[in-house]
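One structure below.
The values are calculated or read from the model by the stated rules, or taken from the named source; none is laboratory data. A quick note: this is a predicted structure, and the numbers were derived from the prediction, not measured. When we count neighbours, we look across all protein chains shown, and the Cβ atoms used for this are built from the backbone with ideal geometry, even at glycine. Note: areas computed on protein heavy atoms with side chains; ligands, DNA, RNA excluded. Shrake-Rupley method; radii C 1.70, N 1.55, O 1.52, S 1.80 Å.
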Amino acid sequence: KLDVFYPAYKLKVEAVETALQAQVNVSSTVKEKRQIAEWFISDFFGALQSAIRRKTFNASVRAFYGLAVSDGKVPLLNSEADIIFWGDKAAVGEAARIAAGGAAITFPAIAEVNTAVTNFKNANLQQANAKEAFDAAQEALEADQAEADKLVLKMWNETEAAFDDG
C-alpha cells in the first residue's frame, strides 16, 4: 500500500514546495512595484498640491481628483487598495483637468504614474494567483493527510510488534 501511496503523496509535497517558492519569488517583485507606485502617486499629488500653493492651479481643481477643495495634503497610501484607488483618481482627474483646459503635470507625468500603478496591479495579480496555486497545492496535500497518518500509524504499530519481546 505504501508503494502505491507514497509517489503520489511525494509529488503533492513537492507541488506545495514549488508553489510556495513561486509565491515567495513574486512577493519581492510586488514589494518593489508597490514602493515605486507609492512614490509616483505621492509625487504626482505633491506636484499638484505645490502647483496649487504657488497659484499655478486654482484650488478648485482638487475636485477633479476626488480631493476636498480645501485639502492640501497628499493622500495616504497605507494599503494596496489605497494605491489602486488613488492611482486611478490621479489618471481620471488629470484627464478631466486637462480636458477642462488645464496644463498637464509633468513631473511626474500621468503616463509615468499610470505605468507604475499598472505594474503594481499586474505584480499584485501575479501574487494573488501564486497564493491561490499554493493554497490549492496545500489543499490537495491535506486531502491525503488522513491516509498518510493511517499508514504511518500502521507502520509504527507493525514495527513495535516486530520488536516486542513480550
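For the stretch 1-101, what is the Kirkwood hydrodynamic radius in Å, using each pair of distinct C-alpha atoms? Evaluated on the stretch 1-101, it is 16.8 Å.
Provide the net charge surrounding ASP88, with neighbours chosen by a C-beta distance below 14 Å and charges set as Lys +1, Arg +1, Asp -1, Glu -1. So the surrounding residues net to -1.
When the alpha carbon gyration tensor of the stretch 49-166 is reduced to an equivalent ellipsoid, the three semi-axes, largest first, read 62, 14, 10 Å. Among the protein heavy atoms of the chain, carbon and sulfur supply 59% of the accessible surface, probe 1.4 Å, non-protein parts ignored.
Going highest first, how would you order 27-35, 84-92 by mean Cβ packing within 10 Å? Write out the running numbers ahead of the final one.
Values: 27-35: 15.3, 84-92: 18.9.
Peptide ranking by packing, descending: 84-92, 27-35.
With the simple model of a label 7 Å out from the Cα in the direction of the Cβ, ALA63 to ALA104 spans 2.5 nm.
For the chain, the 222 nm mean residue ellipticity estimated from helices alone, with every DSSP H stretch of n ≥ 4 adding -39500 (n - 2.57) and the total spread over all residues, rounds to -27000 deg cm²/dmol.
As a length-normalised measure over Cα pairs under 8 Å and 6 or more apart, the relative contact order of the chain settles at 36 percent. The residues of the stretch 57-166 present an accessible area of 62 Å² per residue when probed at 1.4 Å with all protein chains retained.
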